[in-house]
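**Student:** I'd like to ask some things about the structure below.
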């Protein structure tokens, strides 16, 4: 792996999305501030960044979603399904976002989609993606690890094929979520927001360096691959939970869970132990939004992944590199779309005064 | 001995959970005790666990139409009942009927209302009246019982800032506010703290009912002073967050000149009050819409006379 250099197209079109879950406020505030400073589309050398408020309605109400979880609506099936006036808002919205940032799987899609999230779990900063061999994402991960010393930075891999990948970041040619915790939903913690701002800044820095021709040397990075979810013990009749995450597991995301380690504590004080045979790494421990999805914690395997040295294509290097005329035309088209109604709707909730976070329902 | 206040036995005690449907410790404890009330049973007392806002609990949301814990106003309670009223107002009327009527001799003796907060408030007891000697004695008892762990007492007696709570239906209302815990999340340690505080509270009631006289005592409290909103722009949008130096520092002194908020571009805004205050409810999720970043309090020592049962 080391010694082989991989040449990749530039990452010239980046989408930065927040408010995919309306109550995960770091991303909401980050996007709002960028939109306020009129940074709908930023263009510097080599890179254009589009800032998007993904679920304006949920953001307005400060809820995760209004009818269905937007971040589960990006499978191929949902994106290509028919839309009627009974279609849930989030599905209509996922198709809108797919038109704007995709279409998913096509050459027109954004080069990089970065989706900003928070979790109530003590996960530090995690990049979450569907591939463990997307060199762009893995190099960005390593760069963030090296630049950010105050917070643990990790990479979580969900092993799903593209058409089954269900989240917004799967719409871009490259994509990942930046997930930062712990933060209660509906709350902005200044330290968490700073961390997210820093993470986004370093990511864009990397993209800029990459597009300018910088070579990034290969090496090894640690990756956590999701293996399975564990639900709470539940009452057979009511389906209500009958235990809470054990105090010795609470907040210990990414601390190895061994067979017979405590996992749950029932309300009568009994300890329930991990019954698996393989030691695994827990994450999303006690994430609020996952109670309804039947997930108390997720478990992952850790492994070391070799990444090659990479650099961006030089002009004229490969046949499929666009001419600068084509590139300018494309940027004009994007601008046109931006000013169009569809994009205005995207921007609405970012710019109009939403003085309060709306009713908490 | 002179000056002993006599109170009737506390025969009817209620424990409210789910007044806010996404504050999980209370919801879980009350549901547990509805199924099996052994833990809350005390000799000579009827202890009734009760879910006050079942629809909000079902949806795991703070409220459905309006905040139940602000709904027990005289206006709401005396309004003609009807299906067109907001759900929580209807609920307030029903609760007033079962556990009240508020202000009458038939009202329940004691109601404990279980809450969680995203703020780092530990186990806070909320007192509505500085003249409730029964409650003051109970809080003194609880604080002693859980020492060296602390149990701050927040006094919400204030002409403007006091609000009409579910528990206010009872003669002796007590709020339990335990945090930090995100909405919709159940943390074992928070759950257990609440459980322990309630145990001591019920022990106090049992001792009182058995005839024990409680000598005069003093209780240090934090009296609510001023509501502080987030700085906002002319359009009403929040333009700053709780400063990292203030975040999680509930009950610690905030002096004039101390950092209070941090704007999104990193500027520090400082506290400009006249003297030292003790902030609490710092960065409570549910209060963004109520225009409250935190509330300031001032320390006070209240004296409670001796009490015993009639």
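The values are calculated or read from the model by the stated rules, or taken from the named source; none is laboratory data. Fair warning: this is a prediction, and the values are worked out from it, not measured in the lab. Methodologically, a virtual Cβ is constructed for each residue, glycine included, from the backbone with ideal geometry; neighbour enumeration extends over all protein chains shown.
**Student:** Give the residue that is nearest to residue B:191 (Cα to Cα), with candidates limited to residues of region A:235-260 that are modelled with pLDDT of 95 or more and outside any loop (DSSP other than H, G, I, E, B).
**Tutor:** Checked region A:235-260; the qualifying residue nearest to residue B:191 (Cα to Cα) is A:244.
**Student:** Kindly establish whether residue B:224 is under 18 Å from residue B:155 (Cβ atoms) and surrounded by 14 or more Cβ atoms within 10 Å (Cβ to Cβ).
**Tutor:** Spelling it out, residue B:224 is indeed under 18 Å from residue B:155 (Cβ atoms) and surrounded by 14 or more Cβ atoms within 10 Å (Cβ to Cβ).
**Student:** Return yes or no: is residue A:117 away from chain B (no Cβ under 14 Å) and assigned to a strand (DSSP E or B)?
**Tutor:** Taking the combined requirement at face value, the residue satisfies it.
**Student:** Now for a different question. Any residue in region A:278-297 that is within 14 Å of chain B (Cβ to nearest Cβ), surrounded by 21 or more Cβ atoms within 10 Å (Cβ to Cβ) and either over 23 Å from the mean Cα position of the chain (by Cα) or part of a strand (DSSP E or B) (or both)?
**Tutor:** Yes, region A:278-297 contains a residue that is within 14 Å of chain B (Cβ to nearest Cβ), surrounded by 21 or more Cβ atoms within 10 Å (Cβ to Cβ) and either over 23 Å from the mean Cα position of the chain (by Cα) or part of a strand (DSSP E or B) (or both).
**Student:** Right, another one. Would you please name the residue that is farthest from the other protein chains (Cβ to nearest Cβ), looking only at residues in region A:184-194 that are in a helix (DSSP H, G or I) and touching a strand residue (DSSP E or B) at 6+ places or on another chain (Cβ under 6 Å)?
**Tutor:** Checked region A:184-194; the qualifying residue farthest from the other protein chains (Cβ to nearest Cβ) is A:192.
Listed here are the residues, each with its yes/no results for (1) farther than 30 Å from residue A:37 by Cβ; (2) modelled with pLDDT of 95 or more.
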{"residue": "B:151", "(1), (2)": "yes, yes"}
{"residue": "B:160", "(1), (2)": "yes, no"}
{"residue": "B:220", "(1), (2)": "yes, yes"}
{"residue": "B:237", "(1), (2)": "no, no"}
{"residue": "B:243", "(1), (2)": "no, yes"}
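**Student:** Residue by residue through region B:50-69, note down the ones that are within 14 Å of chain A (Cβ to nearest Cβ) and farther than 24 Å from residue A:288 by Cβ.
**Tutor:** Scanning region B:50-69 gives no hits.
**Student:** Okay, next question. Does region A:3-25 hold any residues that are touching a helix residue (DSSP H, G or I) at 6+ places or on another chain (Cβ under 8 Å), within 15 Å of residue A:173 (Cβ to Cβ) and outside any strand (DSSP E or B), and which are they?
**Tutor:** A:10, A:11, A:12
**Student:** For a quick check of your reading: which strands (runs of 3 or more DSSP E) sit entirely within region B:18-128 and have at least 2 residues that are within 21 Å of the chain's Cα centre (by Cα) and over 30 Å from residue B:208 (Cα atoms)?
**Tutor:** In region B:18-128, there are no strands (runs of 3 or more DSSP E) which contain 2 or more residues that are within 21 Å of the chain's Cα centre (by Cα) and over 30 Å from residue B:208 (Cα atoms).
**Student:** Can you pull out every residue in region B:180-234 that is at the interface with chain A (Cβ under 8 Å from one of its Cβ atoms) and within 20 Å of residue B:127 (Cα to Cα)?
**Tutor:** Hit for region B:180-234 is B:180, nothing else.
**Student:** Same structure, new question: Go through the residues of region A:316-334 one by one and say whether even a single one is away from chain B (no Cβ under 11 Å), part of a loop (DSSP other than H, G, I, E, B), loosely packed, with under 14 Cβ neighbours inside 10 Å and at pLDDT 90 or above.
**Tutor:** Scanning region A:316-334 turns up no residue that is away from chain B (no Cβ under 11 Å), part of a loop (DSSP other than H, G, I, E, B), loosely packed, with under 14 Cβ neighbours inside 10 Å and at pLDDT 90 or above.
**Student:** Just to check your reading of the model, which residue among A:226, A:203 is closer than 22 Å to residue A:158 by Cα, part of a strand (DSSP E or B) and either without any contact (Cβ under 8 Å) to a residue 40 or more places away in the chain or more than 10 Å from chain B (Cβ to nearest Cβ) (or both)?
**Tutor:** A:226
**Student:** Of all residues in region B:181-195, how many are assigned to a helix (DSSP H, G or I) and out of contact with any helix residue (DSSP H, G or I) (no Cβ under 7 Å at 6 or more places or on another chain)?
**Tutor:** 4
**Student:** Answer yes or no as to whether residue B:294 is in contact with a helix residue (DSSP H, G or I) (Cβ under 9 Å, 6 or more places away or on another chain) and closer than 24 Å to residue B:123 by Cα.
**Tutor:** yes
**Student:** Quick check on residue B:178: is it crowded, with 20+ Cβ neighbours inside 10 Å, touching a helix residue (DSSP H, G or I) at 6+ places or on another chain (Cβ under 6 Å) and modelled with pLDDT of 95 or more?
**Tutor:** Spelling it out, residue B:178 is indeed crowded, with 20+ Cβ neighbours inside 10 Å, touching a helix residue (DSSP H, G or I) at 6+ places or on another chain (Cβ under 6 Å) and modelled with pLDDT of 95 or more.
**Student:** While we're on this one: State which residue is nearest to the other protein chains (Cβ to nearest Cβ) when the search covers only region B:274-288 and only residues that are under 17 Å from residue B:19 (Cβ atoms) and in a loop (DSSP other than H, G, I, E, B).
**Tutor:** B:284
**Student:** Considering (1) in a loop (DSSP other than H, G, I, E, B); (2) within 20 Å of residue B:209 (Cβ to Cβ); (3) at pLDDT below 95, say which one residue B:5 fails and leave the rest.
**Tutor:** Condition (1) is where residue B:5 drops out.
**Student:** Another one. Evaluate the following for residue B:14: is it within 13 Å of chain A (Cβ to nearest Cβ) and buried (at least 22 other Cβ atoms within 10 Å of the Cβ)?
**Tutor:** no
**Student:** Can you pull out the residues in region A:63-89 that are more than 17 Å from the chain's Cα centre (by Cα) and either in a helix (DSSP H, G or I) or closer than 30 Å to residue B:285 by Cβ (or both)?
**Tutor:** A:63, A:66, A:67, A:68, A:76, A:77, A:78, A:79, A:88, A:89 - these are the residues of region A:63-89 that are more than 17 Å from the chain's Cα centre (by Cα) and either in a helix (DSSP H, G or I) or closer than 30 Å to residue B:285 by Cβ (or both).
**Student:** If I ask for residues that are farther than 16 Å from residue B:281 by Cβ and surrounded by fewer than 19 Cβ atoms within 10 Å (Cβ to Cβ), which ones from region B:240-252 would you list?
**Tutor:** B:244, B:245
**Student:** Give just the number: which of (1) away from every other protein chain (no Cβ under 12 Å); (2) assigned to a loop (DSSP other than H, G, I, E, B); (3) touching a helix residue (DSSP H, G or I) at 6+ places or on another chain (Cβ under 8 Å) does residue B:307 not satisfy?
**Tutor:** (2)
**Student:** Quick check on my filter: what residues within region B:253-269 are away from every other protein chain (no Cβ under 14 Å) and surrounded by 14 or more Cβ atoms within 10 Å (Cβ to Cβ)?
**Tutor:** B:254, B:258
**Student:** Go through A:232, A:166 for me and flag whichever is part of a loop (DSSP other than H, G, I, E, B) and closer than 23 Å to residue A:55 by Cα.
**Tutor:** None of the others qualify; the one that does is A:166.
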